[in-house]
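To keep things clear, I will list the structure first and then write my remarks on it.
What follows draws every value from the coordinates through simple rules; no lab data is involved. Quantities reported herein were computed from a predicted structural model and do not represent experimental measurements. Here the Cβ is made from the backbone with ideal geometry for all residues, glycine too, and neighbour counts use every protein chain on show.
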Amino acid sequence: MSKINILIEGGKATAGPPLGPALGPMGVNAGEVVAKINEKTKEFEGITVPVTIIVHSKKNIEIEVGKPPTSQLILKEIKQKKGSSDINKIGNLAIEQAIKIAKQKTDQLRVHDMKNAVLQIVGTCQSMGILVEGDEAKKVIQRIKNGEFDKVIKEEKTEISEEKQDELKEDLEEAKEEIAEELAEKEAEKAAAEAEKVEAAGEAPKEEETKEEEPKEEVKEEVKEEAKE
C-alpha cells in the first residue's frame, strides 16, 4: 500500500506535476484518479483542499478528501478572498449558507446536532467582519439560541431565493453606510479636539504677555505721583 498526500484546488486536479509523476511509477491510470479527485472536490472550487490517495493495487485506489478550514468555506460563500480584522464588514451570510457549511464540517465540529454546528459557523463570522442575516454574529447567536431559526435548521435548508440574496446585499450596504458615518463622526470629533488644543496653545502666550505688562503701568503711575510731589 502506498499513500500520496497533495494539496489541490477543488475540482482542478490534473495529471501533471506533482500528481502525475507520483502516480506514474505505481502503474495506475492517472486520468481515472484525477477524474475521481475532481468529482470529490468539485464542491470546494476555488479553495485549496488536502487530498490523500491510497493505492492498494492498480485497480484498488482509495481517495480521501480533507475539509478546508471553516473560514475558507465562509469566504467562498460570500465570494471574498479574506476577512476583515477591523470595524468594516465584507459580507452578509445567510442562515442557509451557515447550514450548508455546517453540513460540510459536521464530522469535524464535534457537536451532536445541527443547531450547535450552525452556532459554531456563525461564531467564526464574528472575527472575520461578516454579518449574518444582516446582523452582528454575536446577536444572531442569541437569536439562534432563542429558537428563531429552529425550523430552517431542522429542515437543513441550504438554498437561498433571489429575493433573499437581494435583501442580504441591501443589508450589507446599509451596514457599510452606517459604519462610514460612524467613522466620519469620530474623525470630525478628533479634528475638533485637535483644533481646541491648538487654539488653547495659541492663547496661552497672550495671557502671559498681559500679566507681564501690568507691572509696567504701575511703575509709570508711581513716577507721575513722584513728579507731582
So if each residue of separation counts as 0.36 nm, and I subtract the Cα-Cα distance between Ala193 and Glu64, what length gain in nm does that give?
40.4 nm
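What order do you get for 160-170, 59-69, 89-99 when each peptide is scored by the mean count of other beta carbon atoms within 10 Å, highest first?
Numbers: 160-170: 12.6, 59-69: 14.2, 89-99: 22.7.
Descending mean neighbour count gives 89-99, 59-69, 160-170.
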Going down the list Lys40/Lys103; Lys79/Lys169; Lys42/Lys89; Lys82/Lys103, which pairs span over 20 Å between their C-alpha atoms?
Lys42/Lys89; Lys82/Lys103
Ordered by residue, what ³J(HN,Hα) values in Hz, to whole numbers, does the range 6-22 give under the Karplus form 6.51 cos²θ - 1.76 cosθ + 1.60, where θ = phi - 60° and Gly and Pro are x?
9, 10, 9, 7, x, x, 10, 5, 9, 7, x, x, x, 5, x, x, 6
What value, in deg cm²/dmol to 500, does the helix sum -39500 (n - 2.57) over DSSP H runs of n ≥ 4 give at 222 nm once divided by the residues of the chain?
-20000 deg cm²/dmol
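May I ask you to derive the FRET efficiency for Asp150 and Glu173 from their Cβ-Cβ distance with R0 = 30 Å, giving the value to the nearest 0.05?
Working: r = 29 Å, r/R0 = 0.97.
That pair, Asp150 with Glu173, gives E of 0.55.
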Given H placed 1.01 Å from N in the peptide plane, which residues other than close sequence neighbours of Glu133 have an amide H under 5 Å from its amide H?
Leu93, Ala94, Ile95
Using label points projected 7 Å from each Cα along Cα→Cβ, tell me how many nm separate Ser161 and Arg110, to one decimal.
4.0
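Just need the relative contact order of the range 1-71 here, percent rounded to a whole number, with Cα pairs under 8 Å and 6+ apart. Display every interim value, and only then the final one.
Values: 114 pairs, mean separation 28.3, N = 71.
After rounding, I find 40 percent.
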Note, the range 146-156: 3J(HN,Hα) by Karplus (6.51, -1.76, 1.60, θ = phi - 60°), whole Hz, Gly/Pro = x, goes 7, x, 4, 10, 4, 5, 5, 6, 4, 7, 6
Top mean-square fluctuation among Ser71, Ser84, Ser57, Gaussian network model of the chain, C-alpha springs under 10 Å?
Ser57
On a 0 to 90 degree scale, rounded to 10, what angle separates helix 114-126 from the longest Cα axis of the chain?
40
Starting at the first residue of the range 171-188, write each ³J(HN,Hα) from the Karplus equation 6.51 cos²θ - 1.76 cosθ + 1.60 with θ = phi - 60°, in whole Hz, x for Gly and Pro.
4, 5, 5, 4, 5, 5, 5, 4, 5, 4, 5, 4, 5, 5, 4, 5, 5, 5
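Run the numbers on the range 70-182 and let me know its relative contact order in percent, using alpha-carbon pairs under 8 Å that are six or more apart.
Values: 141 pairs, mean separation 36.4, N = 113.
Once normalised by length, the contact order is 32 percent.
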Could you sort 128-141, 40-53 so that the peptide with the highest average Cβ count within 10 Å comes first and the rest follow in order?
128-141, 40-53
